[in-house]
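Comments concern the structure below.
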Amino acid sequence: MLLSETEAYDFLMSVVSNAPLGILTYTLDGNISMCNQLASMHLQLNQSPETLVERPLTDYISHLPNLHSVVSDSVNKSRQAFAIPELSFENGTYIAVNGRKLANGMIVTTHDITPIKTMQQANVTAMLRGQEKERHRLSKEIHDGIGPLMSTIKLNIDSIKNDLKDDIEKNTMLKFNAIQDLIKDASEDIRSISHALMPSALRDFGLRSTLENLIQKINQSETVKVSFYFSGSEDRLNMYTEIAVYRMAKELINNALKYANAKQIVVQLIRFEHMIQLSVEDDGKGCSQPILESMITSGIGLQNIYTRTEALKGTFIIDSSEGNGFSGTIEIPTE
Ligand SMILES: Nc1ncnc2c1ncn2[C@@H]1O[C@H](COP(=O)(O)OP(=O)(O)OP(=O)(O)O)[C@@H](O)[C@H]1O
Ligand SMILES: [Mg+2]
């Protein structure tokens, strides 16, 4: 049985309206020719599909600059296929958008990937929490197990040395002193490994004073001057947020010390009512935007910061240009 043109159109419209994806088509001059409820909802076009037909798509997507630019390009230049793997919206949804060429325009499909994103974030959060728990366990084991053992060895060696006769051979005495120094070095190493795994100061005194301490130590030994500013409430945060912010601050400060060749590093920690903001800014050599993109994938430090902030539903923004320093700003919701 052959369908009439109207029947074929009605059939097509009913398929489009009931499709499990958002579907929107636009003509060669950029006017919407078809749109279903899901597409309008996913892209937050705030219009019923019928009112959108024959209107320019770009008029309705100015709140989505990425999509706006690819749609404008697809109208003005060749109709290139496009894919935006992830558009994030203020209401917490994530939408994937794909554009394909049609004979007389383009078809855009939208797909709600919020459940997948939420699951990914939950996985990363669980992994990071597991990692922190294990670090805590190891730190405790080293601190409470090997730490006291080293102290006992040191006490015994000291006491043997006291018992030695004054006429002991000079060579033996030198060996003894060397052993004492080695034990002292080993004890200090063990202590700093245990602290790096889980800074006990963080648990006992919180983020502000642990960062202050870290910066004070850097200022004692490095030539660069690090300043620290804090404002807002000193109420303790969730332990995992405190650890994450501390580790991210350490990474950014470390990077500035390693690469920036800076004279000054400014670390700011600001507690807002529902958010904590950390920024680390240096006046070093910085880097240009294109180089920045490749840098982000060259090491794992900055990538880890992206993963951690994403898992905590926060944001991480890098601002840098050649010769103008480097700044990293992290914002994490605290509720
Ligand atoms: N403050 C900075 N000033 C200039 N360049 C920087 C700065 N911070 C990072 N970079 C550049 O960005 C790159 C990536 O940094 P990232 O922390 O991700 O990796 P990394 O420090 O090289 O290695 P790691 O995995 O040990 O952190 C660095 O190699 C460096 O070239
Ligand atoms: Mg690094």
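Structure notes:
- Net dipole in debye of region 185-264 [+1 Lys, Arg Cβ; -1 Asp, Glu Cβ; about Cα centre; nearest 20]: 240
- Förster radius 25 Å - calculated FRET efficiency between Leu102 and Thr58 (Cβ-Cβ, nearest 0.05): 0.90
- Max mean-square fluctuation residue, GNM over the chain, Cα-Cα springs under 10 Å, options Ala39, Ala19, Ala260: Ala19
- Model label zone, Thr172; criterion: amide N under 16 Å from point 7 Å along Cα-to-beta-carbon; scope region 132-166: 157-166
- Fewest-first ordering of Cys287, Cys35 by other beta carbons within 10 Å of each residue's beta carbon gives Cys287, Cys35.
- Given Lys117/Lys250; Lys250/Lys313; Lys117/Lys285; Lys217/Lys285, the pairs whose alpha carbons are separated by over 31 Å: Lys117/Lys285
- Helix axis angle, 301-311 relative to the chain longest principal axis, alpha carbon, degrees: 60
- Stretchable slack from Ser88 to Glu188, in nm (0.36 nm times residue separation minus alpha-carbon distance): 31.3 nm
- Within region 5-112: Cβ-based charge dipole about Cα centre, in debye rounded to nearest 20 (Lys, Arg +1; Asp, Glu -1): 380
- Placing +1 on each Lys and Arg Cβ and -1 on each Asp and Glu Cβ, with no other charges, gives the chain a dipole about its Cα centre of roughly 800 debye.
- Kirkwood hydrodynamic radius of the chain, from the reciprocal of the average inverse Cα-Cα distance over all distinct pairs: 25.0 Å.
- Chain lengthening between Asp235 and Ile291 when straightened (0.36 nm per residue, less Cα-Cα): 16.2 nm
- FRET efficiency for the pair Asp10 and Ala81, taken as 1/(1 + (r/R0)^6) with r the Cβ-Cβ distance and R0 = 30 Å, rounds to 0.55.
- Estimated inter-spin distance, Met127 and Leu21, nm [label 7 Å along Cα→Cβ]: 2.8
- Taking every Cα-Cα distance in region 154-248 and sorting them into 5 Å bins starting at zero, the pair-distance distribution P(r) comes out as 2, 10, 15, 15, 12, 9, 8, 8, 8, 6, 4, 2, 0 percent.
- Spatial offset of region 300-326 relative to region 227-296 amounts to 9 Å, using the alpha carbon center of each.
- In order along region 235-247, the Karplus-derived 3J(HN,Hα) couplings, from 6.51 cos²θ - 1.76 cosθ + 1.60 at θ = phi - 60°, round to 4, 5, 9, 3, 3, 5, 5, 4, 4, 4, 5, 4, 5 Hz, and Gly and Pro are given as x.
- Gained length - Ser159 relative to Ile300, 0.36 nm times residue gap less alpha-carbon distance: 46.0 nm
- With a simple spin-label model that places each label point 7 Å from the Cα along the Cα-to-Cβ direction, the separation between Thr223 and Leu138 comes to 3.4 nm.
- Ranked list, fewest to most other Cβ atoms within 10 Å of each Cβ, for Met239, Met119, Met34: Met119, Met239, Met34
- Here region 202-333 was treated as a single set of alpha-carbon atoms; its pair distances binned every 10 Å from 0 give 12, 45, 34, 8, 0 percent.
- Dipole of the chain computed with +1 at Lys/Arg Cβ and -1 at Asp/Glu Cβ about the Cα centre; of Ser151, Ala201, Leu164, farthest Cα towards the positive end is Leu164.
- Computed [θ] at 222 nm, helices only, for the chain once each DSSP H run of length n ≥ 4 contributes -39500 (n - 2.57): -16000 deg cm²/dmol
- Partners of Lys154 within straight-line reach, counting aspartates and glutamates whose Cα lies under 15 Å from its Cα and excluding those fewer than 8 residues away in the same chain: Asp163, Asp181, Asp185, Glu188, Asp189.
- Which of Gly130, Gln289, Ser62, positive extreme of dipole for the chain (C-beta unit charges): Gly130
- Signed unit charges on C-beta, dipole axis of the chain, positive-most listed residue Met248, Ser233, Asn261: Asn261
- Sorted by Cβ neighbour density within 10 Å, fewest at the top, the residues Ser321, Ser4: Ser4, Ser321
- Contact order for the chain, expressed relative to its length and based on alpha carbon pairs under 8 Å spaced 6+ residues apart, stands at 10 percent.
Where a number appears in this text, it was derived from the coordinates with a stated rule and is not lab data. Every value quoted in this text rests on a predicted model; they were computed, and no experiment measured them. Every residue, glycine among them, receives a Cβ derived from its backbone with ideal geometry; neighbour counts consider all protein chains shown.
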